[in-house]
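Heads up, the thing below is written out as structure tokens.
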Amino acid sequence: MKYTPKLIPEGINVTPQHPLIDFGYLIATIVLISALIFFSLGWVAEWLVIKISPTTETKIGQILISSTMPALSSNVLSADPRLDYLQKNLLPALAGETQPPLTVHLLDDDMINAAILPGGHILVWTGLLKAVQSENELAFVLAHEVAHFKHRDPLRMLGRSLVMLSLLTALGIGVNQEMAGLPSLVSQTGELIGLQYSRQQEQ
């Protein structure tokens, strides 16, 4: 039987849909897969960091506090009697002995706030000390931060922050020659830790 070639029909490899619709599907698929990967990595990172030993957490805390404090150096009160009271009287009564041990850093600023970093570093702003009406109120705020520490929430936030930083770095967002390297990574991670905890963590 003799083969007779035929002309390929016009547009056989062209989708009947508008190209922009196909492009939209492609973008949506990429975004969905990226989101799934991001949240999966975040969950894995959160699961891994809470298994970090107290010794390793202490080292991480030292790196973070070393990268955070230079920017706040003009506000750090290292010889204030209130710091001595917080560190030696109030905090031990609230937390007892912890691993790693808790360390208070008093910052001279009117911000009414307290926060905790991995490694047990509690930041207390003098604005909070001025705002509270009693020792009980201050103890309540500090106990809240101690609870975050014991639940290892700062480490959980660190894990998710590192995933976010890795994603931003991969996308080339906010990365330049001056910001490249570990010190910048640690510094930015420290800033991300300052974001609000989830409602579940707060509860």
Please go through region 35-50 and pick out each residue that is open to solvent by 60 Å² or more (accessible area, probe 1.4 Å) and over 16 Å from Leu158 (Cβ atoms).
Leu36, Ile37, Phe39, Ser40
Can you spot a residue in region 154-162 that is part of a helix (DSSP H, G or I), touching a Gly at 6+ places or on another chain (Cβ under 7 Å) and at pLDDT 85 or above?
no
Would you confirm whether or not region 11-23 contains a residue that is open to solvent by less than 70 Å² (accessible area, probe 1.4 Å) and assigned to a helix (DSSP H, G or I)?
yes
Give the residues of region 104-128 that are buried (at least 18 other Cβ atoms within 10 Å of the Cβ) and within 17 Å of Pro81 (Cβ to Cβ), sorted by residue number.
Val104, His105, Leu106, Leu107, Val124, Trp125, Thr126, Leu128
How many residues, within region 110-138, are at pLDDT below 90 and acidic (Asp, Glu)?
0
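Does Thr56 qualify as being in contact with a His (Cβ under 9 Å, 6 or more places away or on another chain), assigned to a helix (DSSP H, G or I) and closer than 30 Å to Arg152 by Cα?
It is false that Thr56 is in contact with a His (Cβ under 9 Å, 6 or more places away or on another chain), assigned to a helix (DSSP H, G or I) and closer than 30 Å to Arg152 by Cα.
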So which residues in region 129-148 are open to solvent by 20 Å² or more (accessible area, probe 1.4 Å) and under 23 Å from the mean Cα position of the chain (by Cα), if there are any at all?
Val141, Ala143, His144, Ala147
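The values are calculated or read from the model by the stated rules, or taken from the named source; none is laboratory data. Keep in mind the model is a prediction, meaning the values are calculated, not measured. Cβ coordinates were reconstructed from backbone atoms using ideal geometry, including for glycine residues, and neighbour counts include every protein chain displayed. When the accessible area is computed, the model is the full protein with side chains, heavy atoms only, and any ligands, DNA or RNA have been set aside. Shrake-Rupley method; radii C 1.70, N 1.55, O 1.52, S 1.80 Å.
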